[in-house]
Amino acid sequence: MSLRIFVPRDAGAIAVGADEIAHALEQAAAGRGLGIDLVRTGSRGLYWLEPMVEVATPAGRVAFGPMAPADAASVLEAMLADGNHPLRLGLADDIPWLKRQTRLTFARCGVIDPRSLDDYRAHGGYQGLERALTLGRAATLAEVTASGLRGRGGAGFPTGIKWKTVADTAADRKYIVCNADEGDSGTFADRMIMEGDPFVLIEGMTIAALTVGASKGYIYTRSEYPHAVAAMNAAIAAARRGGYLGTRIGGSSHAFDIEVRVGAGAYVCGEETSLLESLEGRRGIVRAKPPLPAHKGLFGKPTVINNVLSFAAAPFILANGGKAYADFGMGRSRGTMPIQLAGNIRYGGLFETAFGITLGELVDDVGGGTFTGRPVRAVQVGGPLGAYFPRALFDTPFDYEAFAARDGLIGHGGIVVFDDSVDMAKQARFAFAFCAIESCGKCTPCRIGSTRGAESIDKILRGGRVPDQVALVEDLCNTMKLGSLCALGGFTPYPVMSALKHFPEDFRPQQLQAAE
Ligand SMILES: Cc1cc2nc3c(=O)[nH]c(=O)nc-3n(C[C@H](O)[C@H](O)[C@H](O)COP(=O)(O)O)c2cc1C
Ligand code: SF4
């Protein structure tokens, strides 16, 4: 009897011992003279259960976790016997946290072998591309537009309009660039896709290339993502061997190929024009717009630049139709959002669900409150430029417009939770300090304003002329919001102003002096 065992190779799982567990399982099996088929998958995204190991059974895959190497022998015994073990979690698909999700983009993540093109195809992979090849450019674009998909990198710009702009721009060469820089705090969805289902990204980029007439694609990611780089390169090589990248995509007359590029690491290199500068071999400094990258992007050519999750949604949309995707969600936020629960949270991980779920449901119900067990005081949504939400705003539905109406943003879907020990004045200072460190330096409100802002908060912390300093901070935020060239300087006021608005008590000198 040979067991088929699944152990994640996701960076998050490796960080808590997945490689050691894979090794221990192999040793335990060898000790018993048992042959096992060990498949290294991505993660299902239930990070508090990692390393989570699964075994194939006639009833489905049974999960065990969180495992330690010392558990390998006894878990293997359980897998061979009736499955009973204290770490047994039951059928993986029946774990409630997973079951209540709507996994359209992440359907295969943690399930398939990310290096196997056959496994990808066996789980519905490349059906979207095949349909796109049958439909042709105009009808493919119509499906993406009908899906209502909006960019998942932060700005929420309609993907169909972006692709149409590039499709309509005449040029001898066009590019597809995938923004996999993923610099936002508390986010890891791009990394999970690249490590757990890289073919879905390749397929999505290929669909975009066919739609707009591009022949070359780049995936720009960060040096902190070595596992993702390895997984992407292995999948790109497999896609080339399988005829899904190269001169005749899927047997068609279209040519398209992809290269992975690794940045040196700067938050601002996630901003699309700065990313293009870096990709061209220069320092990551923001370009003024216009021209839009869709008109003059990489090497001056029309370029589609999208986030990993935007591209990764395209295969589902093409395979199932734009309407099937648009049927999920609320208002102008259509489809699903892979939400990342992080920070001080009990059940942290990747939760893909239709837009419309409230912030409170996500934090209290799905996330189970704080890891420390103390009350939740604030959550920052949308990365370091996102607003802090107090409990009073937990009824806000996850929806681009609903968040904007409350001076917040969804961004890349990261939620970072803080308990009641957080000092919100210090968080406001951190927002300015982060901006000062990461500023590309091109414009004054951001380059100078961020440093002056941090100094003003320091004065508040020391207790000097607090109302004057608060007024100064407000004025500075207004200048940065209106006068910055890009959203790094332009959105830093969101965390600062939300901290001031919702947690004014933290900006009182006496309390801050006591806290210092
Ligand atoms: C400072 C800054 C950092 C950004 N970082 C990222 C990032 O890491 N990943 C990303 O996809 N978009 C990032 N963006 C947004 C991009 O500029 C751009 O809007 C996005 O790549 C477009 O793709 P989408 O339409 O699929 O969202 C950032 C923007 C700014 C201003
Ligand atoms: S806002 Fe900041 S990061 Fe953006 S262009 Fe200006 S200086 Fe550069």
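Neighbours of S333, meaning other residues whose beta-carbon lies under 12 angstrom from its beta-carbon, give a summed charge of +2 when Lys and Arg score +1 and Asp and Glu score -1. Taking label points 7 Å from Cα along the Cα-to-Cβ direction, L482 and D407 give a separation of 1.6 nm. Pairs exceeding 28 Å between alpha-carbon atoms, taken from K162/K426; K481/K501; K162/K501; K164/K442; K99/K323; K289/K323: K162/K426; K162/K501; K164/K442; K289/K323. As a rough footprinting exposure proxy, the listed residues H23, H412, H502 were ranked by other beta carbons within 10 Å of their own, and the order from fewest upward is H23, H502, H412. Counting neighbouring Cβ atoms within 10 Å and putting the fewest first, the residues Y325, Y347 line up as Y347, Y325. The calculated 222 nm mean residue ellipticity attributable to helices in the chain amounts to -12000 deg cm²/dmol, summing -39500 (n - 2.57) over DSSP H runs of n ≥ 4 and dividing by all residues. For the stretch 169-176, 3J(HN,Hα) computed residue by residue from phi via the Karplus equation (6.51, -1.76, 1.60; θ = phi - 60°) reads 8, 6, 6, 6, 8, 10, 10, 10 Hz, glycine and proline entered as x. Spin-label model, R173 to F157: label points 7 Å out along the Cα-to-beta-carbon direction sit 2.2 nm apart. Each peptide in 10-20, 285-295 gets a packing score, the mean of other Cβ atoms within 10 Å over its residues, and the list from highest to lowest is 10-20, 285-295. Farthest toward the positive end of the dipole of the chain, out of T221, P504, A63, is the Cα of T221, where the dipole comes from beta carbon charges about the Cα centre. The Cα center of the stretch 236-267 and the Cα center of the stretch 296-353 differ in position by 21 Å.
Pull out a ≥ b ≥ c, the square roots of the eigenvalues of the alpha-carbon gyration tensor of the stretch 87-146, then state rounded if a/c is under 1.5, prolate if not and a/b is larger than b/c, and oblate in the remaining case.
Note, shape of the stretch 87-146 comes out oblate.
Backbone geometry of the stretch 471-482 corresponds, through the Karplus equation with coefficients 6.51, -1.76 and 1.60 at θ = phi - 60°, to 3J(HN,Hα) couplings of 4, 5, 4, 4, 5, 4, 4, 4, 5, 5, 4, 8 Hz, x marking Gly and Pro. Which of the three applies to the chain, rounded, prolate or oblate, going by the alpha-carbon gyration tensor with a ≥ b ≥ c and a/c under 1.5 meaning rounded? In terms of gyration-tensor shape, oblate. With the simple spin-label model, which puts each label point 7 Å out from Cα in the Cβ direction, the E455 to T134 separation comes to 6.5 nm. Remark: the E77-A237 segment gains 53.9 nm on full extension, using 0.36 nm per residue and subtracting the alpha carbon distance. The string of couplings for the stretch 142-154 from the Karplus curve (6.51, -1.76, 1.60, θ = phi - 60°) is 4, 5, 5, 5, 5, 5, x, 4, 10, x, 8, x, x Hz, one whole number per residue in order, with x for Gly and Pro. Within 15 Å, Cβ to Cβ, of P397, how many net charges do the neighbouring residues add up to if Lys/Arg are +1 and Asp/Glu are -1? Once positives and negatives cancel, what remains is -3. For the chain, the relative contact order comes to 13 percent (Cα pairs under 8 Å, sequence separation of at least 6).
Based on the Cβ-Cβ distance from R508 to D395, what FRET efficiency comes out when R0 is 41 Å, to the nearest 0.05?
Once the sixth-power term is evaluated, E becomes 0.90.
For trypsin sites (Lys or Arg not before Pro), the sites in the stretch 409-512 that DSSP calls loop and that have at most 13 other Cβ atoms within 10 Å are R465. Note on E352, E224: ascending count of other Cβ atoms within 10 Å places them as E224, E352, the fewest first.
The slack between A324 and D118, meaning 0.36 nm per residue of separation minus the straight C-alpha distance, is 71.6 nm. Over the Cα atoms of the stretch 265-399, the radius of gyration divided by the Kirkwood radius equals 1.05; this is the Rg/Rh ratio. Cross-link reach is defined here as a Cα-Cα straight distance under 16 Å, omitting same-chain residues fewer than 8 places apart; for K296 the aspartates and glutamates meeting it are D168, D172, E271, E272, E277, E280.
Classify the stretch 379-516 as rounded, prolate or oblate, taking a ≥ b ≥ c as the square roots of the eigenvalues of its Cα gyration tensor: rounded when a/c is under 1.5, otherwise prolate if a/b is larger than b/c and oblate if not.
oblate
In this structure the amide hydrogen of K216, modeled in the peptide plane, comes within under 5 Å of the amide hydrogens of K174, I176, D257, none closer than 5 places in sequence on its chain.
Every read-out reported here was derived from the displayed coordinates using simple, explicitly stated rules and does not represent laboratory data. Just so it is clear, the structure is predicted and the values come from calculations on it, not from any experiment. No Cβ is skipped: glycine too gets one built from the backbone with ideal geometry, and neighbour counts run over all protein chains shown.
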